[in-house]
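Below is one structure, written out as structure tokens, with a few remarks after it.
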There are 2 protein chains.
Amino acid sequence: MHEPNQKITSFSNPKVKYLVSLKERKNREKEGRFFLEGYREITRAKQSWDHRNPLIPRSYPEILCISPECFLGSNEWELIKALNLPIWEFPKAVFEKISHRDRPDGLILIGKIPDYNFHPNILDSFQDEIVLVIEGVEKPGNLGTILRTAEGAGVKLVIVTDPRTDIYSPNVMRSSTGILFTIPVYLGSTEEVLNALIKNKFKTLALTPEVNNPYYNTDLTGKIAIIFGSEQYGLSDKAKEISSDLLSIPMLGEADSLNLALSTGIVIYESLRQRSLNK
Amino acid sequence: MHEPNQKITSFSNPKVKYLVSLKERKNREKEGRFFLEGYREITRAKQSWDHRNPLIPRSYPEILCISPECFLGSNEWELIKALNLPIWEFPKAVFEKISHRDRPDGLILIGKIPDYNFHPNILDSFQDEIVLVIEGVEKPGNLGTILRTAEGAGVKLVIVTDPRTDIYSPNVMRSSTGILFTIPVYLGSTEEVLNALIKNKFKTLALTPEVNNPYYNTDLTGKIAIIFGSEQYGLSDKAKEISSDLLSIPMLGEADSLNLALSTGIVIYESLRQRSLNK
């Protein structure tokens, strides 16, 4: 598909209706398309397309929607040129209708959602590296924050199992600031994923407030997978049963639980700390 | 003031208008009243009123608004009885108008905001303890999450300096799950607070991505204050200048910053870990 660039000014143009329809998950899934908004987010995705990590599921950019009236800086045209995609251009009022933001910055990229289903040979190339498994996550904002933090802490792979949200949701892209495209993220079932990790000699460490075994007393170096449960329900029984060790984050006060993204950050940064000692 | 309990059924009742007006910060500040919603949140505040930590600014509960049609469990009446406050009772439709939630649980407490201005003698009782300073925080949800995490990690005092949000905002109460009432939280200016900490022999450790000095290579035990800047602007020059050390959180990937609450959690839990080694 290569369409010529188009200027679209009418709210009732079918392309506007199509783009607005992508606000709903069921339409994104039916179309198999993602909706990536924002200069920073698109720039990160582009880096990933340019410098291909073979472990990252291969997504395809297709259309760039722009509204120069909304641009915040002067670098937008450079990015637009470098992307080299068919362009749909809109006046500000129409772009605001399409956008998911209160103050859009004039850039939205539509692309094809990759096949991101987990398969065990993804694990073949792993040595002494850390894999993060997030089970049953409910809030896209939490998932995005987790991806951003995991990438910062040097996690090499994130596997989302049995989620209650969709991974290629615009909220995940936004809260991850585009990092969804720069770290390998796969989708699987808890049982399949944990069994594959164990078969590949990963230590599987699952976090739950039900034990009293502070994460920082455990060796978090080497080939490990760290598993977190959902915000509301925690880990599934299956995850607790299959994992090799159960760990906890100490809570000293009245609060009975930490935010999921926060818990994840605390434990993976402890792993980074321990790894830094071995260097 | 001790009013008799009242049943209020009309949307146009002045009490309804008063309660709705408290959705706006300027009205809460003018009235000097906070708006605490939810069974869990009110329960936590009550614990704090019952078991008085003299360092916690003394807030005063005044009115309990209830809507039994909205109750989710059967423990509400016990809490209502124990609170022993004047009760304003509303039908569900009116309560939903007053509530800040999509699905209210039938309990809102109105109380008097305490004097929570920082004064240096708050620091008199501190020995080898950790104090958290959050400068210029913008998002009440971040502040609430920080309070909840700080309390979990055993932080003894949180000082918010030059904030861009109000501390007794309903969003802080909600995202802290009521922990705002169970940990001492004060408000001051960065300069005044840091100088008071230094005078009281606190090591003042400020986090900034501008240095390369991983937080985990620093001794975070003893009498320390950890200082974080705002989401958008980071630390002020003043804070960097006054602090005794600048620390960073390593970031290994493309992402250039971590969420503020997450950064806070990572560093204070490292302090907790180091402290656990000394016991």
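The numbers here are math on the coordinates, done by the rules we state, and not lab data. All figures in this text were calculated on a predicted structure; none of them were measured in a lab. All Cβ positions, even for glycine, are placed from backbone atoms using ideal geometry, and neighbour counts span all protein chains on display.
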Margin query: What are the pairs with Cβ atoms under 6 angstrom where one residue, in segment A:183-199, is in contact (Cβ under 8 Å) with a residue 40 or more places away in the chain and the other, located anywhere, is in a strand (DSSP E or B) and exposed (fewer than 15 other Cβ atoms within 10 Å of the Cβ)? Sequence gap at least six, or different chains.
Written below: A:LEU187/A:ASN117
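Let's see how each residue does on (1) farther than 15 Å from B:LYS240 by Cα; (2) surrounded by fewer than 18 Cβ atoms within 10 Å (Cβ to Cβ):
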site	(1), (2)
B:VAL172	yes, no
B:GLY178	yes, no
B:THR190	no, no
B:LEU197	no, no
B:ASN200	yes, yes
Next item on the list: Scan segment B:40-57 residue by residue and report those that are under 18 Å from B:SER176 (Cα atoms) and away from chain A (no Cβ under 14 Å).
Entry: B:PRO57
Check: Among the residues of segment B:152-182, which ones are over 10 Å from the mean Cα position of the chain (by Cα) and within 14 Å of another protein chain (Cβ to nearest Cβ)?
Finding: B:GLY152, B:ALA153, B:GLY154, B:VAL155, B:LYS156, B:LEU157
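Kindly indicate which of B:ASP115, B:ASP128 is in a loop (DSSP other than H, G, I, E, B), in contact (Cβ under 8 Å) with a residue 40 or more places away in the chain and over 24 Å from B:TYR60 (Cα atoms).
Working: B:ASP115 fails: over 24 Å from B:TYR60 (Cα atoms).
Being in a loop (DSSP other than H, G, I, E, B), in contact (Cβ under 8 Å) with a residue 40 or more places away in the chain and over 24 Å from B:TYR60 (Cα atoms) holds for just one of B:ASP115, B:ASP128, which is B:ASP128.
State which residue is farthest from the chain's Cα centre (by Cα) when the search covers only segment A:227-269 and only residues that are at the interface with another protein chain (Cβ under 7 Å from one of its Cβ atoms) and touching a residue at least 40 places away in the same chain (Cβ under 8 Å). Spell out how you get there, then give the answer.
Taking segment A:227-269 and keeping what is at the interface with another protein chain (Cβ under 7 Å from one of its Cβ atoms), we get A:250-255, A:258-259, A:261-262, A:265-266, A:269.
Right, trim to touching a residue at least 40 places away in the same chain (Cβ under 8 Å) and you get A:251, A:259, A:261, A:265-266, A:269.
On the way: A:MET251: 28, A:ASN259: 17, A:ALA261: 12, A:GLY265: 15, A:ILE266: 18, A:TYR269: 18 Å.
This residue is A:MET251.
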Next item on the list: Quick one: count up the residues across segment B:152-166 that are crowded, with 23+ Cβ neighbours inside 10 Å and either assigned to a loop (DSSP other than H, G, I, E, B) or of a type in the set (Gly, Ala, Ser) (or both).
Entry: 3
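Report yes if B:LEU205 is buried (at least 17 other Cβ atoms within 10 Å of the Cβ), over 29 Å from B:SER48 (Cα atoms), more than 14 Å from chain A (Cβ to nearest Cβ) and touching a Ser or Thr at 6+ places or on another chain (Cβ under 6 Å), otherwise no.
When the stated conditions are applied, B:LEU205 does not pass them.
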Next item on the list: Taking only segment B:76-92 into account, find how many residues are touching a Ser or Thr at 6+ places or on another chain (Cβ under 9 Å) and either within 20 Å of B:GLY111 (Cα to Cα) or not charged (D, E, K, R) (or both).
Entry: 4
Note to self: Going residue by residue through segment B:47-59, is there one that turns out to be surrounded by fewer than 17 Cβ atoms within 10 Å (Cβ to Cβ) and polar (S, T, N, Q)?
What the structure shows: yes
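Does segment A:270-279 hold any residues that are facing chain B (nearest Cβ under 8 Å) and under 23 Å from the mean Cα position of the chain (by Cα), and which are they?
Filtering segment A:270-279 for residues facing chain B (nearest Cβ under 8 Å) gives A:270, A:272-273, A:276.
Those that are facing chain B (nearest Cβ under 8 Å) and under 23 Å from the mean Cα position of the chain (by Cα): A:GLU270, A:LEU272.
From the list A:VAL158, A:VAL137, pick out the single residue that is in contact with a Pro (Cβ under 8 Å, 6 or more places away or on another chain) and free of Cβ contacts under 8 Å to residues at least 40 places away in the same chain. Walk me through it before giving the result.
Values: A:VAL137 fails: free of Cβ contacts under 8 Å to residues at least 40 places away in the same chain.
A:VAL158 is the lone residue from the list that is in contact with a Pro (Cβ under 8 Å, 6 or more places away or on another chain) and free of Cβ contacts under 8 Å to residues at least 40 places away in the same chain.
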